[in-house]
Amino acid sequence: MEIKVIFKYVFLALFIAASAVHLWDSWRDNGKRRKITKPMLLLFLLAFYCCATTRFSWVLAAALLTSWLGDVLLMPSGTKWFIMGGVSFLVSHLLFIFVYLPQVNWASVIWWVLIPAAILYYGVSVKITLSVKNNMESKAMLAPMILYLLINSTMNLFAMAQLMSLKNTGTIVAYAGAVLFFLSDCTLYLVRYHSNKDLIFKKHFTVMFTYILGECLITVGMLMI
């Protein structure tokens, strides 16, 4: 077995182990250990991708790297860190759009499905953000937070367009990952700013479970295409 294949399985095992520990600590609300494992998650996933791919994409690698940076920037408390982390994740979503774009054949897109989906995604994005606006540290955050979820929604729509253009297991898996990423961000908004602090079950666990699985499925899906 060649060394690259060995490292692929090593980094996959490390990603699974770090994710399991992080999710267990999230379930138990162990904030101290979560800070140790969180910076490892996307680095192990990126390393796995680098070893697993036969067609390396700098765009996908950059998307994972900016997601990792977003994780790190969101670790400290405070509005400025939340904003910087959000900007990093916004860049990540834009990069994921360019990951999907080469596979999109606009002639194959089912517009009567994509357009209602866009209305639904954008409507949910606005609704979620407006539901938490009264608890934001500054009203100036409202527009950027709506914009962020709209960009995430657009990333999902491109993943859907990729699925319509290239119907295989990889595009299905990648789209499922995009949906989970969207759910994670919506949940994060509710966890951080909604007046009902018990609205989300096991809030840290729910945010991170959907996020980790989402990033993993996007990466694995693109490897399968």
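Computed from the coordinates by the stated procedures, all read-outs in this text should not be read as laboratory data. What you see is a predicted model; the values in this text were computed from it and never measured. Because the Cβ atoms are built from the backbone with ideal geometry, glycine has one as well, and the counts that use them run over all protein chains shown.
Site pair Lys139 and Arg192 shows an inter-label distance of 2.0 nm when each label is modelled 7 Å from Cα along Cα→Cβ. Counted by neighbouring Cβ atoms within 10 Å, the residues Ile172, Ile115 run from fewest to most as Ile115, Ile172. With a Förster radius of 25 Å applied to the C-beta separation of Ser77 and Ile36, the computed FRET efficiency comes to 0.90. Among the chymotrypsin sites (Phe, Trp or Tyr not before Pro) found in the range 121-225, those both in a DSSP coil and sparsely packed, with 14 or fewer other Cβ atoms within 10 Å of their Cβ, are Phe201. Counting other Cβ atoms within 10 Å as a rough exposure proxy, the listed residues Lys197, Lys4, Lys203 run Lys197, Lys4, Lys203 from fewest neighbours to most. Specify the inter-centroid distance of the range 30-62 and the range 114-152, based on alpha-carbon positions, in whole Å. If you average the Cα positions of each part, the centres end up 28 Å apart. Between Phe7 and Trp111, the distance separating the two model label sites (each 7 Å from Cα on the Cα→Cβ line) works out to 4.7 nm. Along the axis of the charge dipole computed for the range 3-224 (Cβ charges of +1 for Lys and Arg, -1 for Asp and Glu, origin at the Cα centre), the listed residues Val72, Tyr121, Leu213 are led at the positive end by Val72. Computed from the C-beta positions of Leu120 and Thr169 and an R0 of 22 Å, the FRET efficiency is 0.35 to the nearest 0.05.
Farthest towards the positive end of the charge dipole of the chain, among the residues Phe98, Met145, Ile36, is the Cα of Ile36, using unit charges on the Cβ of Lys, Arg, Asp and Glu. Which percent of Cα pairs goes in each bin when the distances of the range 3-224 are cut into 10 angstrom slices starting at zero? Pairs per bin, as whole percents: 8, 33, 36, 19, 3, 0.
For the range 103-111, 3J(HN,Hα) computed residue by residue from phi via the Karplus equation (6.51, -1.76, 1.60; θ = phi - 60°) reads 8, 7, 10, 4, 5, 8, 5, 8, 5 Hz, glycine and proline entered as x.
For chymotrypsin sites (Phe, Trp or Tyr not before Pro), the sites in the range 13-115 that DSSP calls loop and that have at most 12 other Cβ atoms within 10 Å are Phe56. Other residues within the sphere of radius under 14 Å centred on the Cβ of Cys50, judged by their own Cβ, net out at +3 (K and R +1, D and E -1).
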